[in-house]
Amino acid sequence: MVEAGKEAPKFSLQSDDGRTLSLDDFKGKRVVLYFYPKDDTSGCTAEACEFRDSWKSVQAAGAVVLGVSPDGVSSHGKFKRKYQLPFPLLADEDHAVAEAYGAWGEKSMYGRKYYGILRTTFVIGTDGRIERVFQKVKPKGHAAEVLGALRS
């Protein structure tokens with residue numbers, strides 16, 4: 001897991017509209033980089049919609065939101081349109097970026113172990129360093145928690 005104070009790992013990923021976005025595209029802005037398991041599932045939808053609903057406040061705090069999951073560009077596009085999400089969703093299909101940030105690991109469901117996204121959010125400062133790490137995120141209420149960190 002990348003820790004607060006460390007430089008954020010660089011990345012370039014395709015977004016929901018097919019453009020390639022990189023962390024360098026957001027130099028001088030704070031970035032809320034949140035990793036989520038799957039488009040259009042209950043928890044991921046709740047988390048995305050809360051970020052959508054607090055979008056103006058996030059912008060007022062000088063930040064942008066980027067959602068990252070292993071889903072592809074097409075899936076991200078449908079999810080974004082369905083819920084009118086105002087921020088980019090990035091396709092990390094080989095989970096290389098999730099691994100670089102430590103947001104990929106062993107999980108367990110119904111006694112079965114598997115690897116997947118560990119729901120984690122990073123606030124990256126204007127200097128490219130990690131300001132805050134939120135691990136084991138609970139989707140409901142998370143956007144407000146992040147907004148509190150952006151304001152402090």
The chain - mean residue ellipticity at 222 nm from DSSP helices (-39,500 (n - 2.57) per run, n ≥ 4, rounded to 500): -8500 deg cm²/dmol
Between the stretch 115-132 and the stretch 50-104, the alpha-carbon center distance in angstrom: 12 Å
Table column - 3J(HN,Hα) (Hz), the stretch 29-46, Karplus curve with 6.51, -1.76, 1.60, x for Gly and Pro: 10, 7, 10, 9, 9, 10, 9, 9, x, 7, 4, 6, 9, 4, x, 5, 5, 4
Cross-link reach list, aspartates and glutamates versus Lys82, counting only Cα pairs under 18 Å and skipping chain neighbours closer than eight places: Asp16, Asp17, Asp39, Asp40, Glu47, Glu50, Asp53, Asp71
³J(HN,Hα), Karplus 6.51/-1.76/1.60, whole Hz, each residue of the stretch 136-152, x for Gly, Pro: 6, 5, 9, x, 6, x, 5, 4, 5, 4, 5, 4, x, 5, 5, 7, 7
Distance violations [Cα-Cα > 31 Å] among Lys6/Lys78; Lys29/Lys107; Lys29/Lys138; Lys10/Lys107; Lys56/Lys107: Lys6/Lys78; Lys29/Lys107; Lys56/Lys107
Evaluated at q = 0.12, 0.13, 0.15 Å⁻¹: base-10 log I(q)/I(0), Debye formula over Cα of the chain: -0.44, -0.52, -0.71
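Throughout, read-outs are computed from the coordinates displayed, never taken from laboratory work. Note that the structure is predicted; figures quoted are calculated from it, not measured.
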